[in-house]
1. Please give, to one decimal in nm, the separation of the simple spin-label points placed at B:Asp249 and A:Lys236, each 7 Å out from Cα toward the Cβ.
2. By how many degrees, between 0 and 90 and to the nearest 10, does the Cα long axis of helix A:52-64 differ from the longest principal axis of chain A?
3. What do the square roots of 5 times the Cα gyration tensor eigenvalues come to for region A:3-159, in whole Å, largest first, as semi-axes of the equivalent ellipsoid?
4. Per-residue HN-Hα couplings for region A:89-95, Karplus 6.51 cos²θ - 1.76 cosθ + 1.60 at θ = phi - 60°, whole Hz, x for Gly and Pro?
5. About its Cα centre, what dipole magnitude does region A:212-310 give when the only charges are +1 on Lys and Arg Cβ and -1 on Asp and Glu Cβ, stated in debye to the nearest 20?
6. What's the angle, to the nearest 10 degrees (0 to 90), between helix A:3-17's Cα axis and the longest principal axis of chain A?
7. With θ set to phi - 60° and the Karplus curve 6.51 cos²θ - 1.76 cosθ + 1.60, what are the ³J(HN,Hα) couplings of region B:39-52 in order, to the nearest whole Hz, using x for Gly and Pro?
8. Once phi is turned into θ = phi - 60°, what whole-Hz ³J(HN,Hα) does the Karplus curve with 6.51, -1.76 and 1.60 give for every residue of region A:233-240, x standing for Gly and Pro?
Amino acid sequence: MEMRQALAKELDRLMEINPNIVVIDADLSKPNGLMALKKKYPERAFDVGIAEQNMASIAAGMSSYGFIPFINTFTPFATRRICDQIAISIAYAKQNVKIIGTDPGISAEYNGGTHMSFEDIGVLRSIPDIVIFEPVDTVQLSKAMPQILDYNGPVYIRMFRKEISNIFSKEEQFSLFSTSNLQKGNDLSIFCSGLMVQETMKANEELSKIGIKADIINVHTLKPLDKPSILKSVKKTGAVLTVENHNVIGGLKSAICEFLMEEYPVPLKSIGINDKFGQVGKIDYLKKIYKMQAEDIVKAAVEIKSKRKN
Amino acid sequence: MLKLDKECRIIRKLILKTIGTLGVGHIGGSLSIVEALVVLYANHMNCDPQNPKMAGRDRLIVSKGHSGPAVYSVLARKGYFSEDWLLTLNQPGTNLPSHCDMNLTPGIDMTTGSLGQGFSCAAGIAKASKIRNDGATIYAIIGDGESQEGQIWEASMFASQHKLDNLIAFTDYNKMQIDGTIDEICALEPLDAKWRAFGWDVVVVKNGHDCNEIDSAIRFAKFSNKPTMIILHTIKGNGISFAESAGVDSHSMQVNKELLAKAMEELEKAIID
């Protein structure tokens, strides 16, 4: 199933139960798979046109009236373009608005550099009280949505919108504010997020072949960090590799470093965008260009394991 | 409306006291909007100072959030909080910051200060009220300089598209902004034609300090089947001679003890008259 289909299905289910949910689009409900909601709930699912800053503040106003708005657009427009509206109308005013950004990082593919957000997490992470969540697959997204709804405050949902293979099973427990463990190991801690979780698991097949057993942890919620889980893993392994579809400045690597440098400094390497702008290309091509392939993850894992603290 | 004119002079006195406590503040844009605030709260706003979060109440979003001192003075007079609070403007731990904050001040319906945003919030609130079908009227006040923000016009299109006839807005058209006059910086004219072109009804109030004119404009707007913009031709710093004569510099200015005493004397005299 495509991520956007899972999103639409879950929103539809929640809107049926909760009359306070509103869905607001800025002329991208078609690519985000939300057109059907507008037909089914014409009053509560509507478009503001290409006016993202207006969308954010309208949502804040509706939240002040008791509604729970979900605003939707591509990640660059959901974050850097409307940073001030998120900071002031939503976060500072303590409004309960959920922000959905699709096509994160290299998944913007042929839309290229203008649409390729490598900085969106960094933009929002320094605004107080915002939860930042990046689902890995449709299972995780579907399980997260009711918890996101229950959280009274702004949440940024940074999500891939197309077909993706599921990593998690429906039976597994999920908590929005706890990391998800993908494999237990002692040789190093790999903290991975979003689109790069699948690539990390691919790399893990190679690591297993050469006898490296990593503690692999999906940090689906980048803010607030599940610090106890991260610390527990790092105390066990003594080395860290972060893997993300974002600039290594401001995203997962930064969040992990900021925490560990104060609590338990260990050798660390990172896979992600090394402070570059985006460009056109398919995901596989872009992974190669930005050195985010499984082989890059393997190489970095081997290197950092050799420098482990323990 | 003689009673309201007297109330306006009392509000001006409170604004002076409020800003005078710290000795600096947004005096010009507070004084230009006094009459609109007084008329709204005296004759139109369905609200309850004892229950500031009353469901279905009318709401006021002061998108030009730096007019906080004027709004706070009116709210205090209305009974939302003690007039003593006014002396705490911008003091450490205050509930009355420079710019309006819904989480700090009873009676403030939206946090504003980053210009343009409050107007979109007002449009969202008007839309929310329509969905709830609770019959509330949503009032918004924007600045003329604020009208240079693109977000104002995004919100105006949204309000028109969604037929938000429960939204009544005011432009405080005092013709001045921080760096100069509106015409020098980025002119707005023809302002009424712009709003009409965006699908709004427009009422031009030639004297934005005439309570009668303002009251009539609001009564007209309530019967409109469109969102309505009431353009108030106002004077920045109105009613206090030192602020009026400061012109563009009255946006945020020092109010020393001498100026304060002189202005208070002017107002006392006006109140007695």
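A short reminder: the numbers here are calculations on the coordinates, not readings from a lab. The shown structure was predicted, so the numbers you read here are calculated from the model rather than taken from an experiment. Because the Cβ atoms are built from the backbone with ideal geometry, glycine has one as well, and the counts that use them run over all protein chains shown.
1. 6.9 nm
2. Once rounded, the angle reads 70 degrees.
3. 20, 18, 15
4. Per residue, the Karplus-derived 3J(HN,Hα) values read 4, 9, 6, 5, 7, 6, 9 Hz.
5. Details: 18 positive and 11 negative charges, 62 e Å.
Its charge dipole is roughly 300 debye.
6. On a 0 to 90 degree scale, this one is about 50.
7. 5, 4, 6, 7, 10, 10, 5, 8, 8, 9, x, 7, 9, x
8. 5, 5, 5, 7, 9, x, 7, 10
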